[in-house]
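For reference, the structure is listed below as structure tokens.
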Amino acid sequence: MEYDEKLARFRQAHLNPFNKQLGPRQHEQRASEEAPDIASEEALPDLPPGEPEFHCTERVMDLGLSEDHFSRPVGLFLASDIQQLRQAIEECKQVILELPEHSEKQKDAVVRLIHLRLKLQELKDPNEDEPNIRVLLEHRFYKEKSKSVKQTCDKCNTIIWGLIQTWYTCTGCYYRCHSKCLNLISKPCVRSKVSHQAEYELNICPETGLDSQDYRCAECRAPISLRGVPSEARQCDYTGQYYCSHCHWNDLAIIPARVVHNWDFEPRKARAGDMRYLALMVSRPVLRLREINPLLFNYVEELVEIRKLRQDILLMKPYFITCKEAMEARLLLQLQDRQHFVENDEMYSVQDLLDARTGRLGCSLTETHTLFAKHIKLDCERCQAKGFVCELCREGDVLFPFDSHTSVCTECSAVFHRDCYYDNSTTCPKCARLTLRKQSLFQEPGPDVDA
């Protein structure tokens, strides 16, 4: 009798739960073959109290759920494809429902269910049930198709394995994350902030202290401390606030406030979100240098030269707008990467200042200035006909307002030799004649002689 009990328990424990259901004929044949075993099973003693009557519990736990699905090779794991994993998940769900609530075995079964679902997520086809476009918090996420490039998730700070994981990239701020991390994102797209509120923090590292943040991360509100317990507090040099290691990755960026105040281009540590904002703002002309720091032009010679070139280009712009050949040649498109250069001479971007420091901006503007001047003074007869003659000396060549030896009247835009203009008078003769003419028109008429 003891042998029969052991044999019945052995068959129950090693029965494969993934076998397909038997047909009616196979059931009859199986029933005739195992009739003696059924009799022995009926003689089994009752299970101890607290154990469920469902005998499939132990075999599901032993065969599919108690194995380490992440360390074992696929060939050694019975549920190695998607269909078998889904069947094992359903089995595990049924087991959880039948086990006593809040019991240790039920908790273990829940953990195993989570592992099975993670394994199913890894083996699942990325193109199945995953939309190509996801819109969330003004992010516009597109599903990536690259499988070989190894990226880092900006939410959980772990590696994105493109071969087995689905991941998305925001087309606005280039935020990357797993598909499972999309619903955990709490920060809106930085592109919207750049579009609606394009401005910099121009105070150098405006620190307020950890106590003002209640010793919590300024983004995710996780507890942080300068001692690194429970998490290290990392300061962002752009905002002056403190963040945890998940929000602040010690990336380096050029800080605009240090550039405009100290002409300091040394990269400093910034938060991941501020890094994306600074990257999107680097080419936007939002810095009015003469208002922020007018003394900067006294110490940086490159900026003085660039300002003079920009002023000359603005004086050349009316010639090109009224010239048919210049419009057909699209000369103004030479500055399409810096469109603000043909609109004003006050606004700068961080990229302009960076290129001015390296000398690239001065060289490119000099070449453009030479090309524009050549068209106006040599190549185009229509533009040559729009030159000026100095009305003070009436001598010399034809003058243009962008020549280095000329002066331009701010009232009537007349052009004179610089030496003539300052040697004779600071008053424009053309403006003086216009003033006399206006006075003669509005002068009261004298008495009638015949009367």
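Below, the figures for the structure above:
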item	result
Lys374, sole failed condition from (1) more than 20 Å from Ser404 (Cα to Cα); (2) open to solvent by 90 Å² or more (accessible area, probe 1.4 Å)	(1)
Filtered residue count, the range 393-405, keeping only those that are among the hydrophobic types (A, V, I, L, M, F, W, C), open to solvent by less than 60 Å² (accessible area, probe 1.4 Å) and part of a loop (DSSP other than H, G, I, E, B)	3
Boolean, Pro223 is surrounded by fewer than 19 Cβ atoms within 10 Å (Cβ to Cβ) and assigned by the TED database to the domain that holds Leu278	yes
Positions within the range 184-211 being in contact (Cβ under 8 Å) with a residue 12 or more places away in the chain and of a type in the set (S, T, N, Q), in sequence order	Ser186, Ser192, Asn203, Thr208
Among the residues listed as Tyr174, Tyr142, the single one being of a type in the set (Ser, Thr, Tyr), out of contact with any strand residue (DSSP E or B) (no Cβ under 7 Å at 6 or more places or on another chain) and not assigned by the TED database to the domain that holds Leu278	Tyr174
The listed residue being assigned by the TED database to the domain that holds Arg338 and modelled with pLDDT of 90 or more, out of Glu266, Glu305, Glu291	Glu305
Residues located in the range 261-309, provided they are within 29 Å of the chain's Cα centre (by Cα) and of a type in the set (Asp, Glu)	Asp264, Glu266, Asp274
Residue pairs meeting the criteria (Cβ under 6 Å; at least 6 apart or on separate chains; first closer than 19 Å to Cys156 by Cα, in the range 230-246; second acidic (Asp, Glu))	Tyr243/Glu219; Ser245/Glu232
Test set (1) exposed (fewer than 15 other Cβ atoms within 10 Å of the Cβ); (2) over 34 Å from the mean Cα position of the chain (by Cα); (3) of a type outside the set (A, V, I, L, M, F, W, C) - Asp312 fails condition number	(1)
Tally, over the range 406-435, of residues that are in a loop (DSSP other than H, G, I, E, B) and modelled with pLDDT under 70	3
Thr152, sole failed condition from (1) open to solvent by 80 Å² or more (accessible area, probe 1.4 Å); (2) closer than 22 Å to Arg234 by Cβ	(1)
Selection within the range 257-300 - among the hydroxyl-bearing types (Ser, Thr, Tyr) and open to solvent by 50 Å² or more (accessible area, probe 1.4 Å)	Ser283, Tyr299
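Residues checked against (1) on the phi > 0 side of the Ramachandran plot; (2) loosely packed, with under 12 Cβ neighbours inside 10 Å; (3) at pLDDT 50 or above; (4) assigned to a helix (DSSP H, G or I):
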site	(1), (2), (3), (4)
Leu63	no, no, no, yes
Ser71	no, yes, no, no
Leu78	no, no, no, no
Gln84	no, no, yes, yes
Gln87	no, no, yes, yes
Ile96	no, no, yes, yes
Glu101	no, yes, yes, no
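The values are calculated or read from the model by the stated rules, or taken from the named source; none is laboratory data. As the structure is a computational prediction, the values presented were derived from the model and not from experiment. Here the Cβ is made from the backbone with ideal geometry for all residues, glycine too, and neighbour counts use every protein chain on show. Surface areas here come from the heavy atoms of the whole protein model, side chains and all, with no ligands, DNA or RNA. Shrake-Rupley method; radii C 1.70, N 1.55, O 1.52, S 1.80 Å.
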